[in-house]
Amino acid sequence: MEETLDTNDWNYLQVVGSEIVKDMIVHMEQIRTKSVWQQPSQSVIDFFDKPLPTKPTPLNEVYSDVKTQIIPYTSGNNHPRFWGWVMGNGTPVGMLAEMIAAGLNVNMVGGFQSGSLVEKQVLNWLKELMGYSNESSGVLVSGASMANFIGLSVALNSKANFDIGKEGLQNSKDKFCFYASKETHNSIEKAIKLLGIGTDYLRLIDVNEKFEIDTAKLLSDIHQDKIDGLIPCCIVGNAGTVNTGAIDNLKALAEISEAENIWFHVDGAIAAVLMMNENLKSKLDGIAKADSIAFDLHKWAHIQYEAGCCIIKNSRKHSDTFSIDSDYLEITKRGFSGGDDWFCDYTIELSRGFKALKVWMAFRESGIEKIGRLMEQNIVQAKYLESLLEKESNIELLAPTNLNIVCFRVNVPEVDETALNIINEEIVLRIQEGGKFLSSYTRINGKYSIRVCITNHRSKSEDLFEFVSEVKKIAKQLFSEKNFQF
Ligand SMILES: *Cc1c(COP(=O)(O)O)cnc(C)c1O
């Protein structure tokens, strides 16, 4: 008997499969009625401490464990009251697209096949969105961390005046410097480490009171590095910083890059997608002048995880950085390999999933204007939350709300900074453990901050109203607890 991993009862698979699809649609429909987040219990933790399965388990049993042990304890970011970090909610159509992509199980290496056509079209849409021409290049990746890595790799490779792919940095006397504001996401630092640049050569520039890069300070650092014989290689501009949602003056950064002959990369993980909204896109003035743009679709555009993108204005520099000739991947005149270039020439990965399908289906189904309107809705909601907090005498806003992120803390007279940090951290933990809301935290100028980031197409203003009541309730409890030591 020869074996296969297929079922020998396709009718039964249809029954279970239909049940799974129905269950997931109901789960999404009823998400508001669930806890935002529930800590996995000890029995759940123990459940995942079992040895490698060597023998089969019936599908219905496996699925039953999914329902009891996995679904109730996931990260919660689909919930209308989840405002932690920067997370998207996904969409119903994205969920179905993922199932189709899994069914087709396309490997998006490249090739002359519909999957390549879909991804290339999606990339062209995204280039158009950012003001790039179709001659520029791009690739869908897991997220902005990978996209930043790609952008910075191409920056380094194109600014080196020797064959860096061959020689590496081993023999180089050239010291390449990268510039970004102090508010920059750590994926930039990670890329700097992994590229062999060394974080000593990442200049973290001061910000102004709106947490945007201080361009005068940037210029003076660049000039000093030139005087010191170093090579300014790349400026990273932020389109939405992770702490406060600040957008650097991209136009000014583009001008500096041009004048100083430096690569200009934009980390637009959060807010580059504001280009989908005609009223908001002016916040990103200058983005089209960037040499490379990294951004996420799984955050504010709500495409299912994972979906990020890097686009590079000069496609040759992009492929020069990533392509390696190999006999087994040669492009042919006809047949499967008869298309043009392959995605593996633009990224680290060879085998890749069919991420493009969910983007393609979701964009078509809702139209990008609607996704853009929902971002504006979140910005209005963040302003509303800010206005509610402003009215509270014991709450202090820690940063201006320019976008969808609100940073604040409970502050009571005669409590010192150390105690305030402890109190506010405790408030965040109790919010999370309560299961009704989820916010995260950061530090703003050293002060522990409760941080609400509304990248959520399911949130309503009343959710924010109730959140403020909850914060006040927890703070009150905390102050009345005799055993709680500040
Ligand atoms: C989230 C984020 C990243 C990293 O993106 P991933 O999709 O999580 O890899 C980079 N920069 C900023 C500003 C972010 O908010």
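The values are calculated or read from the model by the stated rules, or taken from the named source; none is laboratory data. The structure displayed is predicted, hence computed values, not measured ones. Glycine gets a Cβ as well: all are built from the backbone with ideal geometry, and neighbour counts include every protein chain shown. Protein only, heavy atoms only, side chains kept; ligands, DNA and RNA dropped before computing areas. Shrake-Rupley method; radii C 1.70, N 1.55, O 1.52, S 1.80 Å.
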Worksheet item: Regarding GLY434, is this residue open to solvent by 10 Å² or more (accessible area, probe 1.4 Å), modelled with pLDDT of 95 or more and either closer than 21 Å to SER469 by Cβ or charged (D, E, K, R) (or both)?
Response: yes
Discussion item. Out of ALA399, ALA382, ALA362, I need the residue that is among the small types (Gly, Ala, Ser), closer than 30 Å to ASN279 by Cα and not in a helix (DSSP H, G or I). Which one?
Written reply: ALA399
Worksheet item: So, of the residues in the range 155-192 that are within 20 Å of the chain's Cα centre (by Cα) and in a helix (DSSP H, G or I), which turns out to be nearest to the ligand (Cβ to nearest atom)?
Response: SER187
Fill in: Restricting the range 102-113 to residues that are small (Gly, Ala, Ser) and either at pLDDT below 95 or within 14 Å of MET361 (Cα to Cα) (or both), the residue that is surrounded by the fewest Cβ atoms within 10 Å (Cβ to Cβ)
GLY111
Item to complete: Output the residue which, of all residues in the range 134-154 that are touching a residue at least 24 places away in the same chain (Cβ under 8 Å) and more than 16 Å from the ligand (Cβ to nearest atom), is farthest from LEU274 (Cα to Cα).
Response: VAL154
Worksheet, complete the sentence: Over the range 226-248, the set of residues under 20 Å from the mean Cα position of the chain (by Cα) and not aliphatic (A, V, I, L, M) is GLY237, ASN238, GLY240, THR241, ASN243, THR244, GLY245, ASP248
Worksheet, complete the sentence: Screening VAL236, VAL266 for residues that are within 14 Å of the ligand (Cβ to nearest atom), in contact with a Ser or Thr (Cβ under 7 Å, 6 or more places away or on another chain), among the hydrophobic types (A, V, I, L, M, F, W, C) and assigned to a strand (DSSP E or B) leaves only VAL236
Discussion item. Taking the criterion of being touching a Lys or Arg at 6+ places or on another chain (Cβ under 9 Å), open to solvent by less than 60 Å² (accessible area, probe 1.4 Å) and within 12 Å of VAL236 (Cβ to Cβ), would at least one residue in the range 157-173 satisfy it?
Written reply: no
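Return yes or no: is TRP10 open to solvent by 70 Å² or more (accessible area, probe 1.4 Å), of a type in the set (Phe, Trp, Tyr) and touching a strand residue (DSSP E or B) at 6+ places or on another chain (Cβ under 6 Å)?
Values: open to solvent by 70 Å² or more (accessible area, probe 1.4 Å): yes; of a type in the set (Phe, Trp, Tyr): yes; touching a strand residue (DSSP E or B) at 6+ places or on another chain (Cβ under 6 Å): no.
Here the answer is no, as TRP10 does not meet what is asked.
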Fill in: Residue within the range 269-288 that is in contact with a strand residue (DSSP E or B) (Cβ under 9 Å, 6 or more places away or on another chain), hydroxyl-bearing (Ser, Thr, Tyr) and under 28 Å from LEU253 (Cβ atoms) present
no
Discussion item. Tell me whether the range 282-292 contains one or more residues that are surrounded by fewer than 22 Cβ atoms within 10 Å (Cβ to Cβ), within 16 Å of the ligand (Cβ to nearest atom), under 24 Å from the mean Cα position of the chain (by Cα) and at pLDDT 95 or above.
Written reply: yes
Worksheet item: For the subset of the range 24-68 comprising residues that are in a helix (DSSP H, G or I) and of a type in the set (Asp, Glu), which member is most open to solvent (accessible area, probe 1.4 Å)?
Response: GLU29
Worksheet item: If we keep just the residues of the range 69-95 that are under 20 Å from LEU374 (Cβ atoms), in contact with a Lys or Arg (Cβ under 9 Å, 6 or more places away or on another chain) and in a helix (DSSP H, G or I), which is nearest to the ligand (Cβ to nearest atom)?
Response: GLY94
Fill in: All positions within the range 82-113 that are closer than 26 Å to PHE322 by Cα and touching a strand residue (DSSP E or B) at 6+ places or on another chain (Cβ under 9 Å)
MET108
Worksheet item: List the pairs whose first member sits in the range 72-89 and is free of Cβ contacts under 8 Å to residues at least 60 places away in the same chain, whose second member is of a type in the set (A, V, I, L, M) and more than 16 Å from the ligand (Cβ to nearest atom), and whose Cβ atoms are under 7 Å apart, counting only residues at least 6 apart or on separate chains?
Response: TYR73/VAL44
Discussion item. For the range 269-281, give me each residue that is away from the ligand (no atom under 16 Å from the Cβ), among the aliphatic types (A, V, I, L, M) and assigned to a loop (DSSP other than H, G, I, E, B).
Written reply: LEU280
Worksheet item: Just wondering, is there one or more residues in the range 297-309 that are surrounded by fewer than 18 Cβ atoms within 10 Å (Cβ to Cβ) and away from the ligand (no atom under 11 Å from the Cβ)?
Response: no
Worksheet item: Scanning for something β-branched (Val, Ile, Thr), buried (at least 24 other Cβ atoms within 10 Å of the Cβ) and within 10 Å of the ligand (Cβ to nearest atom), does the range 239-251 turn up at least one residue?
Response: yes
Worksheet item: Going through the range 99-134 one residue at a time, which ones are among the aromatic types (Phe, Trp, Tyr) and over 20 Å from the mean Cα position of the chain (by Cα)?
Response: PHE112, TYR132
